[in-house]
Amino acid sequence: MGAPAMDEVACARRMKKMYAEWREMRETRFNGATALLVGTGANKEDDLRYLKAVALEVWLFSYELPDTLLMFTDGAIHVVAGGKKAALMENAKEMLKRECGLDLVVYVKPKGEDGTAQAKEILNAIEAEKLVVGMVPKEKNEGMMMASVTAALEAAGTEIKDISSGLAHAMAEKDDKEVTTLKNAVALVSKGLSFAVREMEGAIEDEKKLTHAKLSEMTEDAVLSPTTLGLKFDEGDCDICYPPIIQSGGEYDLRYSAESSAAKLHYASPPAVVHMSIGARYTQYCANIGRTYMVDPTPAQEATYSAVLAAQEAGLAALVDGATCASVYEAVKTALTNAEGVDGAMLASKLTKNVGTGIGLEFRDMTFVLNAKCENVIKAGMTFNLAVGLQGLEEPSAKEGSKSRKYAIMIADSALVSAGGEKPTVLTTNAKGVKEISYVTNEDDEEEEEDDANVEIKQGGVILGAKTRLEQSGPSSAEDRERRQRALADKKNAETYKRLTQAADDEINNSVIGGSAEFVSYKTVRDVPTPRSNELVLAVDQDRETLLVPIYGQLVPFHIMSVKSASVSQDAGAAFIRINFQFPTTGAANLKYAPAVRFPNSIFLKEVSFRSTDARHANHVVQEIQALRRNIMQRETERAQRADLVRQERLVLSSGRVHRLTGLWMLPTFGGRGGRKAGTLEAHTNGMRYVGAKMDEQVDIMYENIRFAFFQPAKQELKTLIHFHLKNPIMVGKKKTQDVQFYQEVMESVQNLDGGRRNMYDPDEIEDEQRERERQKKIQKEFSHFAKRVQEIWEKDFPHLNLEFDSPYHQLAFQGVAFKSTVRILPTATCLVELTEFPPLVISSSDIEVINLERVGFHLKNFDMAIIFRDFNREVHRIDQIPSQYLDNIKQWLTTLDVKYYEGKANLNWKPLLRQIKEDPDGWLEAGGWEFLNNEASDGEDEEDEEMSEFEPSEDEDESESEDDSESESVYDSEEDEGEEELDEDDEEGLSWDELEEKAAREDADVSDSDERPKKKKR
């Protein structure tokens, strides 16, 4: 094996920098030394000491050189080393002479000798040149060679100078290569802390007994095996700066020499405080991070933590180019003293003696210690571990002598000083906000329903089975709720008016009306086919997608898309063909027909009828027209669906470990024939890929295209699912969809009824239930693990997307008819969702303009919810038949999200109402804006009914809308809509149950009367 190779470019650059610092500051920082003597002894396993000599060797030569002696003079470098280390230095001889003008003299130490004989050559050189020797005092006896030289110099009465400050200043400012290495060390500590936090959260959630020492050991193993943290680092390059420190339960020591005790992690009796500090090295460069986490903290503890966080921010603001180390400490102390809501003087008295040190090749460079006495100047490129800690704090609400009585807080980050006086770059970015490190546990677990309130996926710093205080914030009483709703009224009116006026201006400026494709049958008259005989007949040109209609002795071509419908009927031995064409209607609907806009002065043919004696030909022509139109409509519909699709980036497959979730079903389905089989969901670099059982069953979901992500464990449902609501639709098979769901059923949806009733003590029954619970727990754990891994990818590589898995609040669930059937609708932190049935319901609170709660009254058991969106072109969504018992919970949730709601006693016809608001926003605002929905502010129901009558659409508009809708709807859809309209009419009547029963009785009586009438007998 050959000798190791150093980075010669970096070596030359740094050697010049050290000599320049030495020559400029020889009399001050180097105390007049004319020779710099450093050395190291034999390498010792598990030795975490930090030597300036080792730091200098790595900085200059890229390697640690154990059992080596180095002496730097003005014109030469003397080295005593053996084996490969001597060969490494020999290879640098030419470069040092060429780039730095230095002669390199290497004294090879034979194998098996201690080097004292070769060290005498160093002493001879010192005596011959009358050199003033400088050493690092704490390291003058490191190794046999350094000890022998030191002893000889002291015996001769030679004074040894201290060069620690000079070497520290020379190595303090980091170059680009060093910054890159430091960022790798930062990634190691950040991932290590995330690992420790996950283990702590798992212990709290599962109520496991985990000791501080065990958690420290697990974290250390993870740092030493970076692949377990998702980092592609060589294990040989990774090390710890000190064993990870985990402390809780009233015993805290904020020194980095502290050890994690064998006591169990304290969280069961809140308030509990857990402190974690982790330091790691990557190729000898150090990084550090420290965080304090609180379980059920008191307001006083939260205020104290906020003061410490503000003090650290003040320290970071003072850590600038040109400042002194003492000024940083003073900024931290002043921020603590002046903190509001706490006893600042008391907190300042609890501050540690220093708030950090320089960090790099040494974990703690005491030349740049951030305390009240150090006046060394901070320069751009330096790196610091800024650690603000308060020790010996007490919580008065906790019992004297309890584990919660005493606590400590420390927040530590690695920071890089920026140039030009700019604020430093904080390299460690793990969450540290007060709401992100505070956990609120749910202590009452007696009933399973109460567990539904827990958040299942980590949100920021929120653990599993807990809710942050942010999530618990909201109006605490009906009076508070009403006050917040009144404050929202004027704000909402102003926002709506501004958006409507802006939308109107945009519509005028960008009036591309009727943007449909142009259909051309024939470019010239000569292209029209010539009839085969003098008798002109209806014909269909399949190639040109054209209907040829005989009019006044000529075949007039009409593209099939201009045909609305065609029908045939027979009467008196003749067949009558009736063809209806697309034509413009009156009013605003005219703008939807593109030809009417392009040719406003033209006359359009509405319909034409033909009489034929050949019934077979008539039927054939109509069938051809219908078949061609159906095919073209299908083609254009698919084209229109794909036209507004946003082109997605290509999926970048992960080269390393790929997180997978197997045995999943997907909605919407791919379609096609054949049995369905489960597939696999994979998380890759920039997106996810679902791979089905067939070759063509593959869907890619880009992280950039995800708007909302949901994880819903099976509580009262049959399946555990992960659901993605996308920003832009994608194609799944031939379907365009904006929602993609992956799920796995946790129990059989079909129950076996052949065995009759079974005894509750039946062993088979008990075994089945146990197996079902274990299966449900296993599936939920797999989904939760996958969601956490994907969440980590988002936090690491896509922080700008602010993506996180949201889980529904089951305690706020309510029943309602969102589409066609009664379902269980669940609020989340940002959305209203129903994910069990497909199509799903996903409504973001940011898309909601206002909500009108209709048919709200004391005598009614149900009410309806009309959701009006910010985009008035979007149809109002209704959730009907919501039991009145959920009304207060819904109001509370809406108010928490700052969504304005109104209450009314009747259902409103929203389509013409929104159209009138869009057409006259000024009149709408003058009339009070949305306040017309306020049931309490209205003078009476009669006036409200009169108001509603103003919004009735005209007959022409109704006719045009129905005609336009019929173009793209099937017969099945139209019949279904008619049924829904009838249900809406019944709902609008607002009849009570007694009135409905009376009405049904009258109808039954009418039917029975009609049945009793005498019927004519057949002859």
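Accessible surface calculations at 1.4 Å, restricted to protein heavy atoms, place segment 133-199 at 38 Å² per residue.
Based on the Cβ-Cβ distance from Ala128 to Thr211, what FRET efficiency comes out when R0 is 56 Å, to the nearest 0.05? With a Förster radius of 56 Å, E is 0.40.
Given the pairs Lys379/Lys423; Lys727/Lys777; Lys264/Lys399, which are separated by over 21 angstrom at their Cα positions? Don't skip to the answer; put the middle values down first.
Numbers: Lys379/Lys423 12 Å; Lys727/Lys777 32 Å; Lys264/Lys399 19 Å.
Going by Cα-Cα distance, Lys727/Lys777 fall outside the 21 Å limit.
DSSP assigns beta bridges within segment 8-171; of those with both partners inside it, close to 45 percent run antiparallel. Give the Debye-formula value of log10 I(q)/I(0) at each listed q (0.12, 0.15, 0.18 Å⁻¹), with one equal scatterer per alpha carbon of segment 541-644, two decimals each. Here the Debye-derived log intensity ratios amount to -0.49, -0.74, -1.00.
Short-range pairs are left out: with C-alpha atoms under 8 Å and at least six residues apart, the relative contact order of segment 808-932 is 21 percent.
Below 8 Å between Cα atoms, with a sequence gap of 6+, how large is the relative contact order for segment 541-644 in percent?
Values: 119 pairs, mean separation 27.0, N = 104.
Over segment 541-644, the number comes to 26 percent.
When you count the other C-beta atoms within 10 angstrom of each residue and take the mean per peptide, 911-920, 707-716 line up highest first as 707-716, 911-920. With each label modelled as a point 7 angstrom along the Cα→C-beta vector, the Ser884-Leu645 pair spans 5.0 nm. Rolling a 1.4 Å probe over the protein heavy atoms leaves Phe932 with an accessible area of roughly 50 Å². Evaluate E = 1/(1 + (r/R0)^6) for Arg789 and Thr830, where r is the Cβ-Cβ distance and R0 equals 25 Å; express this FRET efficiency to the nearest 0.05. My answer for the efficiency is 0.65.
From most to least packed by mean Cβ count within 10 Å, the peptides 413-425, 223-235, 768-780, 284-296 give 284-296, 413-425, 223-235, 768-780.
Quick check: net charge around Glu607, other residues with Cβ under 11 Å of its Cβ, Lys/Arg +1 and Asp/Glu -1? Provide the component values of the computation, followed by the final result.
On the way: positive: Lys564, Arg578, Lys606; negative: none.
The answer is +3.
Phi angles of segment 723-732 translate, via the Karplus equation with coefficients 6.51, -1.76, 1.60 and θ = phi - 60°, into HN-Hα couplings of 10, 10, 9, 8, 6, 10, x, 10, 9, 10 Hz per residue; Gly and Pro are given as x. Placing dummy labels 7 Å off each Cα toward the beta-carbon, the span from Asp114 to Phe519 is 10.1 nm. The label-point distance for Glu159 and Tyr50, in a model that sets each label 7 Å from Cα toward Cβ, rounds to 3.1 nm. The candidates Tyr256, Tyr50, Tyr305, arranged from most to least accessible area with a 1.4 Å probe in the full protein assembly, appear as Tyr50, Tyr256, Tyr305. Each peptide in 157-165, 531-539 was scored by the mean count of other Cβ atoms within 10 Å over its residues; highest first, the order is 157-165, 531-539. Accessible surface for Arg255 stands near 150 Å², nearest 10, in the context of the full protein assembly shown (1.4 Å probe). Going by accessible surface with a 1.4 Å probe and the largest first, Lys177, Lys523, Lys820 read Lys523, Lys820, Lys177. Summarising the amide proton neighbourhood of Val132: residues at separation of 5 or more, or on other chains, whose placed amide H is nearer than 5 Å comprise Thr34, Ala35. Rolling a 1.4 Å probe over the protein chains gives His620 an accessible area of about 100 Å². Rounded to 0.05, the FRET efficiency of the Arg915 and Asn601 pair, given R0 = 25 Å and the Cβ-Cβ distance, is 0.35. Figure legend: label point modelled 7 angstrom from the Cα of Leu860 along Cα→Cβ; residues of segment 811-836 with amide N under 19 Å from it are 814-823.
In segment 8-171, the portion of solvent-accessible area held by carbon and sulfur atoms comes to 50 percent [1.4 Å probe, whole percent, DNA, RNA and ligands not counted].
Taking other residues whose beta carbon is less than 10 angstrom from the beta carbon of Ala55, and scoring Lys, Arg as +1 and Asp, Glu as -1, yields -3.
The values are calculated or read from the model by the stated rules, or taken from the named source; none is laboratory data. These numbers come from a predicted model, not from an experiment. All Cβ positions, even for glycine, are placed from backbone atoms using ideal geometry, and neighbour counts span all protein chains on display. With ligands, DNA and RNA removed, areas are computed over all heavy atoms of the protein, side chains included. Shrake-Rupley method; radii C 1.70, N 1.55, O 1.52, S 1.80 Å.
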